[in-house]
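Okay, structure first, notes after.
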Amino acid sequence: MVRSEAGVPEAGVLEVGALVDHHCHSVVAAELADDALAGLLTESDRPPAPGCSPFDSALGLAVRRWCPPALGLPVHAPAADYLARRRELGAAEATRRLLAAAGLDTCLVDTGLTAAAGRELLPLTELAEAAGAVVREVVRLEAVAESVTAGAEDWPRAVGEALAVAATGAVAVKSVLAYRHGLAVPAERPARPAVVAAAGAWLRGGRGRLADPVLLHHLLWTAVDVCAELGLPLQLHTGFGDPDLTLHRADPSLLTDFVRAAEPSGVPLVLLHGYPYHRQAAWLAQAFPTVYTDLGLTASYTGPRVAAVLGEMLELAPFGKLLFSTDAYGLPELFVAGAAQFRYGLGMLLSDWQAGGACSAPDAQRLARLVAADNARRLYALQ
Amino acid sequence: MVRSEAGVPEAGVLEVGALVDHHCHSVVAAELADDALAGLLTESDRPPAPGCSPFDSALGLAVRRWCPPALGLPVHAPAADYLARRRELGAAEATRRLLAAAGLDTCLVDTGLTAAAGRELLPLTELAEAAGAVVREVVRLEAVAESVTAGAEDWPRAVGEALAVAATGAVAVKSVLAYRHGLAVPAERPARPAVVAAAGAWLRGGRGRLADPVLLHHLLWTAVDVCAELGLPLQLHTGFGDPDLTLHRADPSLLTDFVRAAEPSGVPLVLLHGYPYHRQAAWLAQAFPTVYTDLGLTASYTGPRVAAVLGEMLELAPFGKLLFSTDAYGLPELFVAGAAQFRYGLGMLLSDWQAGGACSAPDAQRLARLVAADNARRLYALQ
Amino acid sequence: MVRSEAGVPEAGVLEVGALVDHHCHSVVAAELADDALAGLLTESDRPPAPGCSPFDSALGLAVRRWCPPALGLPVHAPAADYLARRRELGAAEATRRLLAAAGLDTCLVDTGLTAAAGRELLPLTELAEAAGAVVREVVRLEAVAESVTAGAEDWPRAVGEALAVAATGAVAVKSVLAYRHGLAVPAERPARPAVVAAAGAWLRGGRGRLADPVLLHHLLWTAVDVCAELGLPLQLHTGFGDPDLTLHRADPSLLTDFVRAAEPSGVPLVLLHGYPYHRQAAWLAQAFPTVYTDLGLTASYTGPRVAAVLGEMLELAPFGKLLFSTDAYGLPELFVAGAAQFRYGLGMLLSDWQAGGACSAPDAQRLARLVAADNARRLYALQ
């Protein structure tokens, strides 16, 4: 709910309603040192530059806007005051309060990451309880593949079987190919001999991080097959992320040949984040019935600019193809900020549209409900 | 004219004046099934995804904002009501009313497409009569070339002659190279032997859709020669379009080597649409005297966001180099929406600039007249 | 200071404070013909297209908004009146008035260009006196290299020595690699034999403009070494510029492999301009501690849109990593417009953020001081 500083709903700002967060991660409930906590407020995995703190960013402003009230502090409380209050309450209590304040209805959680800042993430049952939300699992493709122990000859088949097992009961499969090799995926499936040879090389190299393009592309097609079989969507990271990624290789437009090739399978492809290529993602969602898109962590990371960026996304994205997510990871603050930024940003944007005569009140309400929850319920077959 | 919901001009919003639509297509005047009509409100040529309708989009909102009054319905009438009223009036009468409501002064019509949704487009004389507008022809380069019946040896010369014949009396030539191979055109003309060989292969393959890069680049240079001879501008599709196109290959910045190579010919190159690379197109228009640009279908497709997108275009585009167009195709609604969106968007933008002290009232009026009509009149030597 | 048309500070608009211009050039104080002066208001080095004047642009509006009062004319005075008044005062007096009106505290001047429109630029001491500003030198890498007279075998070492001499006492080194070959720099330093061979070819070719990629990449690494030794940042042109540049090759994301490879050196890399890839530059500044970014000439060139573009930059750029600059070159008007556009744009943006509840007043004040001056003082170790 959009609230003024005094805590009452702002007059004239549209209410977005229940939220289905279709892409997020679990959180650390243990105590974190101030630096470790701040380190989860940036895409960088390096120490900050001289004179810089991750709180001095658009995301930092968003966290300081929306989170302090959940811990009994005024909005915009200084970072030091916020961190002190969080320690005073204890991480467990702060986490409980923050997750409850996020007000999420349903969370689809990528279980491919199991720790943040070196601390374990909450198991899904505990996350569900603390958040008061329905929690469902999204299986991370590359993590499943890296855990397969078959030999090279058997590897192509074994990863398919492992993925089918892992994805049974899950609501989607997710690929982080964008981080590993980028999104320029050829239209053709890699040939079996090439996959076996690449698997052999990877196995001989010690089964480290999967980054070979032949293996990655084989995995992607394996995911298409498994998703088609199980009736699941396939999520793909696109756009910005941590320094492991090369930004222009994560432009979702590079996926176009793959999108066309995978179209006959009918598997929905969900382009996560996209920023700063979110207009490209929106075009793909308009052009191809199988493509969906979201704003993901962009809504939190762009802070005061969320309504403008949401506006850019809605220029071409069909209203039935855009989904809300927080991409929260590690910190419960990111659930609060993600949800509040989205409610506030979409509320402001649609109120402006209405005030400017661009749409009617029922149009705005319908669009909000689609993006906030209904598109995700339909796409992931949630109740 | 920008009008409030009650139909009177909005106070304080700048009047844009007469419109020259320098890039559009003709329309279907026959009855269309609801699905076929809706299918002309999206760049997709596929059936909509489950739960989706092309009306649920920024373009859908624009159509429902500007068109219902022309058929005697209130603004934002639901899509079902609008379609019912259109059927009640009959397609011919609805088309007449809508084309008249668009209020266009002059239309430069690309005649390369002759049907939409499987129905014939209105001949130019009938379009002119219904719209009450002067209509002039723009010749589509690839369509002319595909109709040439010469043998391979003769093909290079024959396409030049056919284009010269077709373009005589027309106001411009248009290329859809962006759809066929993308805009990464080398600086050098393809050598004659390579063109003859490629023409031979194309002829042996049954003279289908021209997609060979050697032939496409030969055509582009042929168009430069013919345009130089006849004193015509050359329009190029850039940016988003239907699923046939790969978006990043339609970035107008990829044309830079060609722009430099064609500069001595003096032929104006008009970059259509450009979105989401419209800032790149605007830079080209600033850097190179021969380059012009437009917003085209972007103004309709981005609906409530038109003023923001026009603002982005005007960041670098010289005011004497940006042109209005609707890129309407198939539906008369797209003429209404295209014209109204542009009037409204530019009016709002320039009113804001004035209110914020960024320009004087005469500056705003002059800019509006340049973009709406005067730049096109100068560029295409219209009266 | 943001002033209303009547010359008084606008109520409610945040005061930005002292400005450190970390990237600019000197100006011509001699009389310039009207065409030559207008020619410095565009990135084009060609004559304007028919019917076009560089004053008819967003930059032209900015110049006509901020400069006429410094010469005793009203804001938005027509270009002809402004030019007449400038001639009446004489170029020397107009230059003095304009530089004083810019109100800059410190200017870091790229001395790689020594003339504009065929006239000599003011020496730094005279620029400092007229502007009432501290002036420090930024050494242009490619200009230093082009002046080295060593033979091929000795060239790799000699350019390093020449750069070390030139950069001693300067505050930074600047590269214009984006213009010469683009920013796709490999992660590996070029091997010495390849550099010697390329240097030999360049010397035999008459020591013209350095455009060989092997030599350019060797120079870039030489700059990293010299900057590491002297404790200086390395500035890199990115994004739009004159027609010599191919825009998509100037996307700062293309630098990512080089950024990673240079990270161990600790040398700060300052991405200048960036537009229209400023969001990509901002991501690099967030992901990598060594990367900084600015808006540069974009603030002037985008005229009425400056606040929106600054907003885009601040979506991902850490507040401690964004720097103000004018990139003024040739015309004192560009110092006035650059400074005023930045003060006005950032003031408006932050006032809006505050009014919308996105940040507190102290947050806005602190952000403004960081970007306007404090980040540059810290980065370049200025007093």
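Okay, here's what the table says:
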| quantity | calculated |
| --- | --- |
| In segment C:9-31, residue modelled with the highest pLDDT [restricted to those that are within 14 Å of another protein chain (Cβ to nearest Cβ) and on the phi < 0 side of the Ramachandran plot] | C:L14 |
| Sole residue being of a type outside the set (F, W, Y), open to solvent by 10 Å² or more (accessible area, probe 1.4 Å) and in contact with a Lys or Arg (Cβ under 9 Å, 6 or more places away or on another chain), chosen from B:A355, B:A340, B:A308 | B:A340 |
| Filtered residue count, segment A:183-200, keeping only those that are open to solvent by less than 50 Å² (accessible area, probe 1.4 Å), of a type in the set (A, V, I, L, M, F, W, C) and without any contact (Cβ under 8 Å) to a residue 60 or more places away in the chain | 5 |
| From B:P268, B:P264, residue being open to solvent by 10 Å² or more (accessible area, probe 1.4 Å) and in contact (Cβ under 8 Å) with a residue 12 or more places away in the chain | B:P268 |
| Check on B:L177, over 21 Å from B:S265 (Cβ atoms) and hydrophobic (A, V, I, L, M, F, W, C) | no |
| Every pair of residues 6+ apart whose Cβ atoms lie under 6 Å, when the first sits in segment A:42-54 and is over 16 Å from C:L367 (Cα atoms) while the second is open to solvent by 40 Å² or more (accessible area, probe 1.4 Å) and of a type outside the set (A, V, I, L, M) | A:E43/A:D242; A:D45/A:D242 |
| Close pairs from segment C:63-92: first under 21 Å from C:G330 (Cβ atoms), partner among the acidic types (D, E) and open to solvent by less than 20 Å² (accessible area, probe 1.4 Å), Cβ under 8 Å, at least 6 apart | C:V63/C:E333; C:C67/C:E333 |
| Close pairs (8 angstrom Cβ cut-off, 6 or more residues apart or separate chains): surrounded by fewer than 23 Cβ atoms within 10 Å (Cβ to Cβ) in segment B:205-233, outside any helix (DSSP H, G or I) and charged (D, E, K, R) anywhere | B:H217/B:R189; B:W221/B:R189 |
| Checking A:T168 against (1) closer than 24 Å to A:R260 by Cα; (2) open to solvent by 40 Å² or more (accessible area, probe 1.4 Å), the condition it does not meet | (1) |
| Residue among B:D45, B:D34 that alone is more than 12 Å from chain A (Cβ to nearest Cβ) and within 29 Å of B:D244 (Cα to Cα) | B:D34 |
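The values are calculated or read from the model by the stated rules, or taken from the named source; none is laboratory data. Treat the numbers as computed from the prediction; the structure is a model and nothing was measured. With ideal geometry, Cβ positions are generated from the backbone for all residues, glycine too; neighbour counts draw on all protein chains shown. Calculation scope for accessible area: heavy atoms of the full protein, side chains included, ligands and nucleic acids excluded. Shrake-Rupley method; radii C 1.70, N 1.55, O 1.52, S 1.80 Å.
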